[in-house]
Structures are given as structure tokens and as C-alpha cells.
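**Q** Would you mind keeping the following structure in view while I ask a few things?
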Amino acid sequence: MPSAPSAVQDSPSLDSLRWKKFPVLDDGFVTVVDVMGNDASVVQAARVSYGEGTRKVSDDRQLIRYLLRHAHTTPFEMAEVKFLVRVPMDCWRQWVRHRTANINEYSTRYSLAIDSMQSTGNDGWRSQASTNRQGSDGFLTNNDGHPLTQSEQELQSLARRVYEERLQAGIAREQARKDLPLSTYTEAYWKIDLHNLLHFLALRMDSHAQLEIRRYAETIGNEIIAKLFPLCWEAFLDYRVDAMRLTRLDRGVIQRLASGATALPASREDFKAAQDESWVSLERCRERDECFAKLASLGLVTES
Ligand SMILES: Cc1cc2nc3c(=O)[nH]c(=O)nc-3n(C[C@H](O)[C@H](O)[C@H](O)COP(=O)(O)OP(=O)(O)OC[C@H]3O[C@@H](n4cnc5c(N)ncnc54)[C@H](O)[C@@H]3O)c2cc1C
């Protein structure tokens, strides 16, 4: 028989979190509208499969950790969170790729576009990364960023003025909006179950995700989910965020290093060169870089 929620208590944080606006970027926010479930809902769902057992909090914690460690994902789908978010459109475009959520977005066909665009301060301009075509690497100086910030302000003011002139000329909102920049903020209700939310957070809190969406993911994770689902969050950090996947090739490298068959490389370049010459196992340059980063995070080599 399905059981009532077990020893894990209702989250005391929900009332204090609901409708609280967590600011993100210069004018964005995340707020919790509604929550269904908590750590206990995950435990309750799992116990349908695994039986009652004892009902101590420590057991619930162990159960949640077991579920997350072994990717028994469906119990995490039993909890849901509904957010209201305010996000620049370029960031939103990445966000909506996560298809497992339910969305209702502010309509700029029906209503005036929100009069706010994400702007970048003098110190907020990032350089193109040389190693990763998708990423950025380091910030411009204030001096170099200053003209970029100025031209951004001019562009955004012009775009808004043209938009409003079109509306005054009687142009339909659905057409008047077409030249608004991607920095324009939009708002949406976003509802997602805990399993898919953790998947979203794992991808978007990662250092490979764009900084802007990362700020949203970090806020959702650290400010909201950590409080609403403390046991799930702890397990998520331990077994997803701070975990490391070793491929067969990675393991081969580590085994050779551990056995002394290969000397520890002094630098990333040494490591890559050694891979080319002898124990060619990691096929692509990028994969070798990734393997080296794993060795560094294990403390086996030093990033130069
Ligand atoms: C750092 C980064 C860079 C990216 N770069 C690009 C890019 O350059 N171009 C680009 O187009 N996208 C890019 N993406 C988006 C990425 O490819 C995914 O679309 C996005 O992260 C959503 O992931 P998801 O499909 O796992 O999530 P969700 O859509 O939430 O789906 C969750 C899971 O449900 C399952 N699922 C959902 N829908 C289906 C379906 N229709 N069929 C089968 N299984 C399904 C899958 O197991 C999936 O992992 C990038 C994402 C990240 C994090």
C-alpha cells in the first residue's frame, strides 16, 4: 500500500520563499510561485518500490542518496516547482531548449514589450575563448569595455525608440517588436519536476554554460532548491555536480600512471605530447585536455 509521507518534514522554507524575488543580472529575477512536494515526496514515491523500512530521517537521507547515485530518477519526478522568471531573450532561448518543462511566456503580440534590456557594464565584457569556440575567457579592462557599454546603450535606446514610434504609428505589436534586441527581458512561468530541474541545473550551472544562464541556474539551485529539497540537493552536489565521470580511456591513463608505467606529466603540453608518441589512447586533442583536467582535479598533476 502507498504510504503517507515519511519522517522527512515539510520544508519550513516554502512560506518564506514563495514570491520572494531573487535578483539575477541587472534586471532579471527568479521567484517561486508554487511547489508540490519536498524531500519526503521523493522518499514516499521510492518506498512504493522499496517498501516501508524504518522511518528515520537518516534512512530517508540514505534512500535519497542511493536513488540519486544509481539514477533511480522517477521518485524525483514526484516533486514539482513553478517559477516566475524574468530573463533576457538570448538567455531564454537557451533556457527553452529544456523541453521537459511547462511554459507560459509573456506575449509581446498581446502586450507591450517589457521596457528593460540587459545591459553590460564597462567591466562585464568577456573575450572570446581561444580553446572553446562556444565560450568566453577573461574580461576586458574597464577602459576597453567603456566604449562597448556606451554603444550598447545607444543601440538599446534607438531600438526602443523605433519600437515605440512604430506603435504610435499604429503598427501591430506583433510586427513592431521585430527589431528589439535579444537583450530585451521577457517573463515566463516555468514549471518543472525535480528530476528534470536537477538535469537543467547540472547542465546550466556547469562552467561550460554561458555565464548569464549560469547565474540563473546558480540562483535557482543555491537560493531555492537547496532550501526546499535539502537532502536531494546534498545528494545532487555529491553525485552529479561534484562527481566525475571516468571514461575507459581516462581509466587506462590513470592505471598507467598509478602503475608507474608512465611518469606523471609536468604540464598539459607534456601530457598531450606523450599521448601522441606512445600510449596513444585518447584520440582527440579535446579529449586529452578533458582527461588532463580530470587528473588536475584529482590532484595528480598541476594545471600550468
Ligand atoms: C553548454 C551547452 C551548450 C549547448 N550548445 C548548443 C548548441 O550549440 N546548439 C544547440 O542546438 N543546442 C545546444 N545546447 C542545448 C542542448 O543540446 C540541449 O538541447 C539542452 O541542453 C537541453 O538538454 P536536454 O535535451 O537533455 O533537456 P530536456 O529537453 O529537458 O530533456 C531532458 C531529457 O529528456 C529526454 N528527452 C526530452 N525530449 C526528448 C525527445 N524528444 N526525444 C528523446 N528524449 C527526450 C532526454 O533524455 C533529455 O536528456 C547546449 C547546451 C549546453 C548545456
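The values are calculated or read from the model by the stated rules, or taken from the named source; none is laboratory data. Note that the structure is a prediction, hence the values are computed from the model and not measured. Here the Cβ positions follow ideal geometry from the backbone for every residue, glycine too, while neighbour counts run over all protein chains shown.
**Q** Give me the pairs, please: first residue somewhere in segment 196-219 and under 20 Å from residue 131 (Cα atoms), second residue anywhere and assigned to a loop (DSSP other than H, G, I, E, B) and within 7 Å of the ligand (Cβ to nearest atom), beta-carbon distance under 7 Å, and either six or more positions apart or on two chains.
**A** 203/209
**Q** Which members of segment 69-98 meet the condition of being charged (D, E, K, R), part of a loop (DSSP other than H, G, I, E, B) and in contact with a helix residue (DSSP H, G or I) (Cβ under 9 Å, 6 or more places away or on another chain)?
**A** Selection gives nothing.
**Q** While we're here: Within segment 284-293, identify whether any single residue is of a type in the set (A, V, I, L, M), at pLDDT 80 or above, closer than 23 Å to residue 133 by Cα and not assigned by TED's automatic domain parsing to the domain that holds residue 226, and answer yes or no.
**A** So far as segment 284-293 goes, yes, one or more of its residues are of a type in the set (A, V, I, L, M), at pLDDT 80 or above, closer than 23 Å to residue 133 by Cα and not assigned by TED's automatic domain parsing to the domain that holds residue 226.
**Q** I would also like to ask the following. Out of curiosity, is residue 166 assigned by TED's automatic domain parsing to the domain that holds residue 68, in a helix (DSSP H, G or I) and buried (at least 17 other Cβ atoms within 10 Å of the Cβ)?
**A** Taking the combined requirement at face value, the residue does not satisfy it.
**Q** Now for a separate question. Could you check segment 71-122 and list, in sequence order, the residues that are over 24 Å from residue 35 (Cβ atoms) and among the hydroxyl-bearing types (Ser, Thr, Tyr)?
**A** Answer for segment 71-122, where residues must be over 24 Å from residue 35 (Cβ atoms) and among the hydroxyl-bearing types (Ser, Thr, Tyr): 107, 108, 110, 111, 116, 119, 120.
**Q** Considering only residues that are more than 9 Å from the ligand (Cβ to nearest atom) and assigned to a helix (DSSP H, G or I), which ones fall in segment 203-217?
**A** Within segment 203-217, 211, 212, 214, 215, 216, 217 meet the criteria.
**Q** Determine whether residue 94 is surrounded by 11 or more Cβ atoms within 10 Å (Cβ to Cβ), within 14 Å of the ligand (Cβ to nearest atom) and under 25 Å from residue 200 (Cα atoms).
**A** yes
**Q** Here is a follow-up. Can you name the residue in segment 172-202 that is farther than 17 Å from residue 89 by Cα and outside any helix (DSSP H, G or I) and is also farthest from the ligand (Cβ to nearest atom) among such residues?
**A** 172
**Q** Would you confirm, using the coordinates I've provided, whether residue 239 is among the aromatic types (Phe, Trp, Tyr), at pLDDT 95 or above and within 14 Å of the ligand (Cβ to nearest atom)?
**A** no
**Q** If you don't mind, there's one more thing I want to ask. Given the criterion within 16 Å of the ligand (Cβ to nearest atom) and hydroxyl-bearing (Ser, Thr, Tyr), identify the matching residue among 131, 120.
**A** 131
**Q** Quick test of your reading of the structure: residue 129 fulfils all but one of (1) touching a residue at least 24 places away in the same chain (Cβ under 8 Å); (2) more than 22 Å from residue 198 (Cα to Cα); (3) loosely packed, with under 13 Cβ neighbours inside 10 Å. Name the failing condition by number.
**A** (1)
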